Amino acid sequence: MQASEAGIGGASATARLHPGSSDLREAPRNTGYGVPRNGAKPPRRAKEILSMPTSYSRDTPLVSQPETAHRTDRAALMVTWAVEEDFGGMTTMCLKRAGLFHERGIPSAVVTFNANPDLESIRSTQRTRGRLHPDVPLLNLHEYYAARTLHPISPTTGTPDTDEIPWQESARQSRNVDGSLFFIDYQHPSNDMHSLREYFRRDGSTYLRDTSRPSAKDPDRAERRLQLLAIDGSVVHDFNSAAKLYRHWLTELADSTDADVIIDSKYAAGFLIAWNHPTALKFVNFHSTHVAAGADTLTGKLSPAHAKIIEHRDTWDGITFLTESQRSAFVQRFGQGSNTVVISNPVDAPSSLPPFEARNPAKVLHVGRFTKGKNIGAVIDIVNAVAASNTSVLLDLIGDGNERPRLEEHVRELGIAHLVTFLGHVQDVPNHLSSARALLLCSRFEGQSLAILEAQAYGCVPVAFDVDFGPRDVITNGRNGFLAPFGDQATAATALSTLLDDDAVCERMSVQGFETARTFSSDAIFTHWTKALDMARANKKIRLELAAATVRLTGLKFHSDGDFDLEVYVGTRTVELDGLSLQVTERGTDATRGRPFAPYQNADGIYTFRLPAGLRAQLPGSDALDVNVILEVAGLKRTIRLGAAPKMQSVPYFTTYGNLSFK
C-alpha cells in the first residue's frame, strides 16, 4: 500500500497496540497525537512524492569514525530499546559508554528499536544537552529501513497480503520534524483481533507491514506477521514475530560494522537471548537488582525482567554487574560461571575538589527520577526530622516523574514547603553537588547509584539506605559517607545532622569521597571493558563448548552400609574436561560453599559419585540439599543443576518408612 495525499503532512493520531498480540510490540510511549479517521480503506498509491531532508540516510555511517584507532579492529554497538526525551541512569550510561569508546578509538553507535515520530528532535536535544556524543550515531530500526529502498532477494520472495479484509483506518501518525507520514493503523470493522499497521518512507512508499489476525489453528489466539517491503511494494523479508525482525536487523548491523554488542535494556535483552552471531560478542548489563524489590538474593523471586535472561545465562558471552556485591550474590545463587564480570559506571571527578567553604551549610540534595523505587517520601520525612531537631536544613529535589504530585502534597501536609524546593530537571547538576553538604538517598533497591558516585566526585557526602546493591560498594560507613539500614530513618537523620552541624567531619568525609570517585574514572572503566571483551573473545570457543554440555542423572544405587551412588551422564562435544565435581548445598545458601564430591568411576561418559549415608546430618541446617555439577575446562567453570530427564511423567520418591513410591 502507498500513502494517500491526505496522509502527507496530515493530522496525526493515537499510536495503539495491535489487539490480541502477546508478542514484542513497542511500548505505548507516544499517545494522544491526533484524531482517528474511521471508514477509510487503505490507499493504494501515493498522489504526491516527498523529498524531505533527514538527519539519517543510507549513506550515514553506522558507527562513529574516531580520529585515532584503538588497537582492536572491532566496533561496539550499545543496544537499548529506546532513547526518550528524559531518561534515567541506565540510558545515561548506555549513551556515555558509546562516547567513551569513541573517544578512545573504538567506533561505536547507540542502537534502538522503538517507533518514535519525534526521534530526530530527541537526537538533537540529547546532543545539545551533551548526553549523546556529537560523533556517535543514534541508530533506529525504523529510520534504517525507511531510508533504504530495499530489493527483493529473489523474484519469488513474495508480495504483501492481498486478502479482502475490509480494513478501516483507525489512526495515523506523522513525523514531527517534517510532517511526513510515519504510519497508519487499520482495524477490522467487526473483529478486533484483525489489525494492521503500515510504516511509510518519506517518499510515501511502505517499508513495513505489521499484521495481526486470528490463528488458523486457534481462532482465540492472534498470529503476527511483519513484512519488510521494497520500494515497489514487493516483500523482501517475512517474519512471524517482531523479535525475529529485531534480530534480523541487529545481524545486518553486526555484519556491516564488525561490531560487538553490549545490551543495556532488559526488554531488548529478552528478545536478543536467541540472537547469536559468528563473530560478534554479546554482553548484557545488569543495571538493577536481579531479584524482586526487598527479596532475599538467595531464595527470593527473580525480577520478572531478569528471569528469562538468567534462565539462559549460559548464552551470554558476558554478564556485567555494576558492583562486586551483586556479582557475588548472583554466583552464590546460580554457581560459578565463566561469563560474569564487574564493570562499574564511570564518573569523572573534577581535577580538584570544590572548596568546602563554598558549600551551603544547610543544603541537602536528592538526585533521581521521582519513582516509587526511589522512595523520596522517606527523604522528605528524614529532612523533616532533622529540621525538628533544630538543625538548619534545606532540601533540593533534582529530577521529575509521576510521583511528583504526591510528593508535593506530602511536603505541604508536613508544613515544610519553605524547606523543600522541587527543581525539576537541571543541566548543571555538578554545580549543585559542588555547593551542597550532603546527598540523601533512600532507594528501595539500586544497581550502582550513579548519583552517589557523582556526589562523591564533587565532594558532596552521601547518606544512603544500605540496600542491594551499590551503596555499600562505594560507601565505607563513617569514612566517605553514611549507611543506614533500610527504613531506619532515625539513623539516617542522625547522620545527616552530623554532616550539617560538624564542619570538620563533613569536610574530612568530603575529601575521602572525592578520592573514592577518582577510582571510577572513564579511563579506568574503559580499560575494564576492553579487558572483559578481550577475555570473552579468547574464551568464546571453550565457553560455547561448556554451554553446550549436557548433564543428566541416570542412576541411583544403594550400598549395604547406607551410602549411595549417583550415576551422572556428562555429555560434551569435543572438549576434554579438566575438572568435574558434584557440589551439595543446603537450599537457599551459598552455592559456592557446598560440600564437593569427586567421581570415583567413569564408564562411557557415565560418572559415578559416592555420597555418605549421613550426608544430611553432616551439613548444617535442616532444609533440602541441592546438587550441582561443576564442569571446568582451561580455568573456565560452568555450574549445572543436576536433574533427571526433563518432563518426567512419573517421579520416584521414598516414604518416611523408606519405601519406594512414584508420583
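The values are calculated or read from the model by the stated rules, or taken from the named source; none is laboratory data. Here the structure is a predicted model, which means the values were calculated and not measured. As a convention, Cβ positions derive from the backbone with ideal geometry for all residues, glycine included, and neighbour counts pool all protein chains shown.
Select the strands (runs of 3 or more DSSP E) contained entirely in the stretch 65-143, then report the ones holding at least 2 residues which are touching a Leu at 6+ places or on another chain (Cβ under 9 Å) and surrounded by fewer than 21 Cβ atoms within 10 Å (Cβ to Cβ).
Working: elements: 75-79, 108-112, 138-140.
Because the criterion is at least 2 residues that are touching a Leu at 6+ places or on another chain (Cβ under 9 Å) and surrounded by fewer than 21 Cβ atoms within 10 Å (Cβ to Cβ), no strands (runs of 3 or more DSSP E) in the stretch 65-143 meet it.
Do we find that residue 467 is surrounded by fewer than 20 Cβ atoms within 10 Å (Cβ to Cβ) and either modelled with pLDDT under 95 or closer than 18 Å to residue 358 by Cβ (or both) in this structure?
On the way: surrounded by fewer than 20 Cβ atoms within 10 Å (Cβ to Cβ): no; either modelled with pLDDT under 95 or closer than 18 Å to residue 358 by Cβ (or both): yes.
For residue 467, the condition - surrounded by fewer than 20 Cβ atoms within 10 Å (Cβ to Cβ) and either modelled with pLDDT under 95 or closer than 18 Å to residue 358 by Cβ (or both) - is not met.
Which condition number does residue 483 fail, the rest of (1) in the same structural domain as residue 368 (by TED's automatic domain parsing); (2) among the aliphatic types (A, V, I, L, M); (3) under 30 Å from residue 282 (Cβ atoms) being met?
All conditions pass for residue 483, except number (3).
What do you reckon, is residue 572 at negative phi and surrounded by fewer than 10 Cβ atoms within 10 Å (Cβ to Cβ)?
Details: at negative phi: yes; surrounded by fewer than 10 Cβ atoms within 10 Å (Cβ to Cβ): no.
Judged against the criteria, residue 572 is not a match.
Hey, any hits in the stretch 186-194 for a residue that's within 30 Å of residue 273 (Cβ to Cβ), at pLDDT below 95 and either among the charged types (D, E, K, R) or surrounded by fewer than 17 Cβ atoms within 10 Å (Cβ to Cβ) (or both)?
No.
List every residue pair whose Cβ atoms sit under 6 Å apart, with the two residues 6 or more apart in sequence or on different chains, where the first one lies in the stretch 130-146 and is over 12 Å from residue 82 (Cβ atoms) and the second, anywhere, is assigned to a loop (DSSP other than H, G, I, E, B).
Note: pairs meeting the criteria are 135/64; 136/64; 143/56; 146/201.
Quick one: which helices (runs of 4 or more DSSP H) sit completely within the stretch 410-477 and have at least 3 residues that are under 23 Å from the mean Cα position of the chain (by Cα) and of a type outside the set (Val, Ile, Thr)?
On the way: elements: 429-435, 450-457, 471-474.
Because the criterion is at least 3 residues that are under 23 Å from the mean Cα position of the chain (by Cα) and of a type outside the set (Val, Ile, Thr), the helices (runs of 4 or more DSSP H) in the stretch 410-477 that meet it are 450-457, 471-474.
Kindly check whether there is at least one residue in the stretch 228-239 that is at pLDDT 95 or above, surrounded by fewer than 19 Cβ atoms within 10 Å (Cβ to Cβ) and within 19 Å of the chain's Cα centre (by Cα).
Among the residues of the stretch 228-239, not one is at pLDDT 95 or above, surrounded by fewer than 19 Cβ atoms within 10 Å (Cβ to Cβ) and within 19 Å of the chain's Cα centre (by Cα), which makes the answer no.
Show the residue pairs that are 6+ apart or on different chains and have beta-carbon atoms under 8 Å apart, the first residue being within the stretch 636-660 and in the same structural domain as residue 584 (by TED's automatic domain parsing) and of a type in the set (Phe, Trp, Tyr), the second being part of a strand (DSSP E or B) and modelled with pLDDT of 90 or more.
653/661; 654/661
Can you pull out every residue in the stretch 198-245 that is among the acidic types (Asp, Glu) and outside any strand (DSSP E or B)?
So the first thing to find is which residues in the stretch 198-245 are among the acidic types (Asp, Glu), and the list is 198, 203, 210, 218, 220, 223, 232, 238.
Scanning the stretch 198-245 gives 203, 218, 220, 232.
I need the strands (runs of 3 or more DSSP E) fully contained in the stretch 607-661, keeping only those with at least 3 residues that are buried (at least 16 other Cβ atoms within 10 Å of the Cβ). Please lay out each step first, then the result.
Numbers: elements: 625-633, 636-641, 652-654.
Passing ranges, in order: 625-633, 636-641.
State yes or no: is residue 113 without any contact (Cβ under 8 Å) to a residue 24 or more places away in the chain and under 18 Å from residue 140 (Cβ atoms)? First the steps, then the outcome.
Working: without any contact (Cβ under 8 Å) to a residue 24 or more places away in the chain: no; under 18 Å from residue 140 (Cβ atoms): yes.
Spelling it out, it is not the case that residue 113 is without any contact (Cβ under 8 Å) to a residue 24 or more places away in the chain and under 18 Å from residue 140 (Cβ atoms).
For residue 597, state whether it is among the hydrophobic types (A, V, I, L, M, F, W, C), in contact with a strand residue (DSSP E or B) (Cβ under 6 Å, 6 or more places away or on another chain) and crowded, with 16+ Cβ neighbours inside 10 Å. Let's see the steps before the verdict.
Values: among the hydrophobic types (A, V, I, L, M, F, W, C): yes; in contact with a strand residue (DSSP E or B) (Cβ under 6 Å, 6 or more places away or on another chain): yes; crowded, with 16+ Cβ neighbours inside 10 Å: yes.
Spelling it out, residue 597 is indeed among the hydrophobic types (A, V, I, L, M, F, W, C), in contact with a strand residue (DSSP E or B) (Cβ under 6 Å, 6 or more places away or on another chain) and crowded, with 16+ Cβ neighbours inside 10 Å.
Of all residues in the stretch 285-317 being among the charged types (D, E, K, R) and either touching a residue at least 60 places away in the same chain (Cβ under 8 Å) or assigned to a loop (DSSP other than H, G, I, E, B) (or both), which is surrounded by the most Cβ atoms within 10 Å (Cβ to Cβ)? Step through it out loud before you land on a result.
Pass one, the stretch 285-317, residues among the charged types (D, E, K, R): 296, 301, 308, 311, 313-314, 317.
With the extra rule that they be either touching a residue at least 60 places away in the same chain (Cβ under 8 Å) or assigned to a loop (DSSP other than H, G, I, E, B) (or both), the set shrinks to 296, 301, 314, 317.
Details: 296: 13, 301: 11, 314: 18, 317: 24.
Out of the qualifying residues, it is 317.
Within the stretch 253-288, how many residues are of a type in the set (S, T, N, Q), in contact with a strand residue (DSSP E or B) (Cβ under 8 Å, 6 or more places away or on another chain) and over 15 Å from residue 139 (Cβ atoms)?
Residues meeting the conditions: 2.
Quick check on this structure: which one of 395, 353, 423 is aliphatic (A, V, I, L, M) and buried (at least 20 other Cβ atoms within 10 Å of the Cβ)? Please lay out each step first, then the result.
Details: 353 fails: buried (at least 20 other Cβ atoms within 10 Å of the Cβ); 423 fails: buried (at least 20 other Cβ atoms within 10 Å of the Cβ).
The match here is 395.
Pick from the stretch 530-588 the residues that are among the hydroxyl-bearing types (Ser, Thr, Tyr) and closer than 19 Å to residue 314 by Cβ: which of them is nearest to the chain's Cα centre (by Cα)?
Taking the stretch 530-588 as the starting set, the residues that turn out to be among the hydroxyl-bearing types (Ser, Thr, Tyr) are 530, 550, 554, 560, 569, 572, 574, 581, 585.
When the remaining residues are screened for being closer than 19 Å to residue 314 by Cβ, the result is 550, 569, 572, 574, 581.
Values: 550: 29, 569: 36, 572: 32, 574: 34, 581: 33 Å.
Per the criteria, the residue is 550.
What pairs come up if the first residue lies in the stretch 321-336 and is in contact (Cβ under 8 Å) with a residue 12 or more places away in the chain and of a type in the set (Gly, Ala, Ser), the second is part of a helix (DSSP H, G or I) and buried (at least 17 other Cβ atoms within 10 Å of the Cβ), and their beta carbons are under 6 Å apart, counting only those six or more places apart or on different chains?
325/473; 335/591
I'd like to check something: does the stretch 510-519 contain any residue that is without any contact (Cβ under 8 Å) to a residue 60 or more places away in the chain, touching a Pro at 6+ places or on another chain (Cβ under 6 Å) and surrounded by 21 or more Cβ atoms within 10 Å (Cβ to Cβ)?
no
Here are some residues: 604, 578, 626. Which one is under 22 Å from residue 333 (Cβ atoms) and at pLDDT below 95? Walk me through how you get there before you give the answer.
Values: 604 fails: under 22 Å from residue 333 (Cβ atoms); 578 fails: under 22 Å from residue 333 (Cβ atoms).
From the options 604, 578, 626, the qualifying one is 626.
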